[in-house]
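Asker: Questions regarding the structure given below will be posed in turn.
The values are calculated or read from the model by the stated rules, or taken from the named source; none is laboratory data. Everything numeric in this text was worked out from a predicted model, so none of it was measured. Methodologically, a virtual Cβ is constructed for each residue, glycine included, from the backbone with ideal geometry; neighbour enumeration extends over all protein chains shown. Just the protein is used for accessible areas: all its heavy atoms, side chains included, with ligands, DNA and RNA removed. Shrake-Rupley method; radii C 1.70, N 1.55, O 1.52, S 1.80 Å.
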Amino acid sequence: MRAAVLYEVGQPLAVEEVELDPPRQGEVLVRIAATGVCHSDLHYIKGDLVMPLPVVLGHEAAGIVEAVGAGVQSVQPGDHVVLLFAPACGRCRYCAAGRPHLCEMRLRVRGRMPDGTSRLHARGEDLHHFTCVSSWAERAVVPESGVLRVERDLPFAVCALLGCAVTTGVGAVLNTAQVTPGSTVAVFGLGGVGLNVVQGARIAGAVTIVGVDMLEHRLDAARRFGATHTVNARRDDPVKAIQDLTQGGADYAFEVIGRAATVRQAVDCLARGGTAVAVGLPPAREELALPGPAFILNEKTLRACFYGSARLRHDIPRLLALYHAGRLMLDELVTAALPLERVNEAVAALDRGDGLRTILEMHTA
Ligand code: APR
Ligand code: ZN
């Protein structure tokens, strides 16, 4: 099959023939139909975040089950599935506590399948898996807990986005922060994930939603997704602007960029007692810094959010219900579709901030 391989940080991906082993016990072979290009992938391409190479990236995807290994019960060939990048064992203390996105398995897999081996090979060596998904490829072998069956009449691009951007963004609002109706909300970074924070805030009943970005077209998009105000951080100081627009500070602020400096802005723009949620992944070399006394005396909270703090098998069907009810805008997020061969163009477009979300589309018969 064809797959995009990252051999060296900062270099273009090589789209080449890769050998994919059949699914083993408890594993599923998925023919990828659509896969998103997310800033988390870009962090690894640029070397801001580090993982063992060579690797097949891609973690936001949907496709059709082609084969299942022994013991697989929840899906069968022909099923349409969303791929989930937090495989869960169902038995560890985190799964037992209803927080499967924090399952111990994630720490163990690092670049491999849960049994410690790889299904991907090229140029005579094993390739690493990315989050047990590795969807920038025609096919993927994933753990059964990494697929969720969905209705067959849904667009694959929409299903792919449910694998990361939507679930992370909306989940940050509804699960991590638990924004209440009437709240004021600020959102730093209005890309594929940030726009979903904006619409999550709208769904939660926030009355003031301030979107912050440096690109005018992203600010326009944020207003379509539910922002009541926008601030161009290139032109204006976002902290001051948010404090003015919210009469002294926001109840909630979300950082959806992945920089320590903007996490600090998210904390600084809060009202007393407010909560900032760090969604973006900062570079490995960056530490987060807080303003000591102001943080304490104003009783602020800084929370991290991984994968929308989601219970994926519970949340994704609900997100689909919101989509069917016309309250969650998903089709509107997809602004470009390219074939796998043009993955490097899609990555460059993400880096420049073109469009909203680019999807790599595979041909499925
Ligand atoms: N101030 C405001 N906005 C900024 C700034 C800044 N200093 N720097 C960058 N941005 C904006 C960009 O213009 C862009 O619109 O942040 C947005 C980031 O969007 P994308 O590149 O589309 O990234 P996305 O895929 O949404 O991911 C955002 O969430 O899940 C994490 O790892 C992911 O860290 C990444 C973050
Ligand atoms: Zn992602």
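Asker: With the stretch 255-365 as the region, which helices (runs of 4 or more DSSP H) entirely inside it contain at least 1 residues that are under 27 Å from Met1 (Cβ atoms) and outside the structural domain of Gly47 (by TED's automatic domain parsing)?
Answerer: The qualifying helices (runs of 4 or more DSSP H) are 312-324.
Asker: All but one of (1) open to solvent by 50 Å² or more (accessible area, probe 1.4 Å); (2) more than 16 Å from Thr35 (Cβ to Cβ) hold for Ala294; which doesn't?
Answerer: (1)
Asker: I'm trying to understand the selection: among the residues of the stretch 54-90, which are of a type in the set (Gly, Ala, Ser), crowded, with 17+ Cβ neighbours inside 10 Å and modelled with pLDDT under 95?
Answerer: Filtering the stretch 54-90 for residues of a type in the set (Gly, Ala, Ser) gives 58, 61-63, 67, 69-71, 74, 78, 86, 88, 90.
The next check asks that each one be crowded, with 17+ Cβ neighbours inside 10 Å; those that pass are 58, 61-63, 86, 88.
Ala86, Ala88 - these are the residues of the stretch 54-90 that are of a type in the set (Gly, Ala, Ser), crowded, with 17+ Cβ neighbours inside 10 Å and modelled with pLDDT under 95.
Asker: Inside the stretch 326-346, can you point out the residues that are over 15 Å from Ala160 (Cβ atoms) and open to solvent by 70 Å² or more (accessible area, probe 1.4 Å)?
Answerer: Within the stretch 326-346, Arg327, Glu341, Arg342, Glu345 qualify.
Asker: Here is a further query. Pick from the stretch 1-27 the residues that are of a type in the set (D, E, K, R) and within 28 Å of Gly69 (Cα to Cα): which of them is surrounded by the fewest Cβ atoms within 10 Å (Cβ to Cβ)? Before you say what the answer is, go through the steps one by one.
Answerer: Kept after step one, since they are of a type in the set (D, E, K, R), are these residues of the stretch 1-27: 2, 8, 16-17, 19, 21, 24, 27.
From what is left, the residues that are within 28 Å of Gly69 (Cα to Cα) are 2, 16-17, 19, 21, 24, 27.
Numbers: Arg2: 15, Glu16: 12, Glu17: 9, Glu19: 13, Asp21: 14, Arg24: 15, Glu27: 26.
Here the answer is Glu17.
Asker: When you scan the stretch 246-276, how many residues do you find that are of a type in the set (A, V, I, L, M, F, W, C), away from ligand 2 (no atom under 16 Å from the Cβ) and touching a helix residue (DSSP H, G or I) at 6+ places or on another chain (Cβ under 6 Å)?
Answerer: Count: 4.
Asker: Which of the residues belonging to the stretch 160-176 are buried (at least 24 other Cβ atoms within 10 Å of the Cβ) and out of contact with any Lys or Arg (no Cβ under 7 Å at 6 or more places or on another chain)?
Answerer: Those that are buried (at least 24 other Cβ atoms within 10 Å of the Cβ) and out of contact with any Lys or Arg (no Cβ under 7 Å at 6 or more places or on another chain): Ala160, Leu162, Gly163, Cys164, Val166, Thr167, Thr168, Gly169, Val170, Gly171, Ala172, Val173.
Asker: Mind listing just one residue for me: the one in the stretch 28-47 that is within 13 Å of ligand 1 (Cβ to nearest atom) and among the small types (Gly, Ala, Ser) and, of those, surrounded by the fewest Cβ atoms within 10 Å (Cβ to Cβ)?
Answerer: For the stretch 28-47, the residue satisfying everything is Ser40.
Asker: Further question: Could you tell me whether Val158 is in contact with a His (Cβ under 9 Å, 6 or more places away or on another chain) and of a type in the set (Val, Ile, Thr)?
Answerer: no
Asker: Within the set of pairs 6+ apart or on separate chains, which have a first residue in the stretch 132-161 that is under 18 Å from Met105 (Cα atoms), a second that is open to solvent by less than 10 Å² (accessible area, probe 1.4 Å) and of a type in the set (Ser, Thr, Tyr), and C-beta atoms under 7 Å apart?
Answerer: Listed pairs, sorted by first residue: none to list.
Asker: Go through (1) touching a strand residue (DSSP E or B) at 6+ places or on another chain (Cβ under 6 Å); (2) without any contact (Cβ under 8 Å) to a residue 24 or more places away in the chain one by one and return the number of the condition Arg108 breaks.
Answerer: Tallying (1) touching a strand residue (DSSP E or B) at 6+ places or on another chain (Cβ under 6 Å); (2) without any contact (Cβ under 8 Å) to a residue 24 or more places away in the chain, Arg108 fails exactly one: (1).
Asker: Kindly check whether there is at least one residue in the stretch 169-184 that is among the hydrophobic types (A, V, I, L, M, F, W, C) and within 16 Å of ligand 2 (Cβ to nearest atom).
Answerer: Within the stretch 169-184 (the criterion being among the hydrophobic types (A, V, I, L, M, F, W, C) and within 16 Å of ligand 2 (Cβ to nearest atom)), the answer is yes, since at least one residue qualifies.
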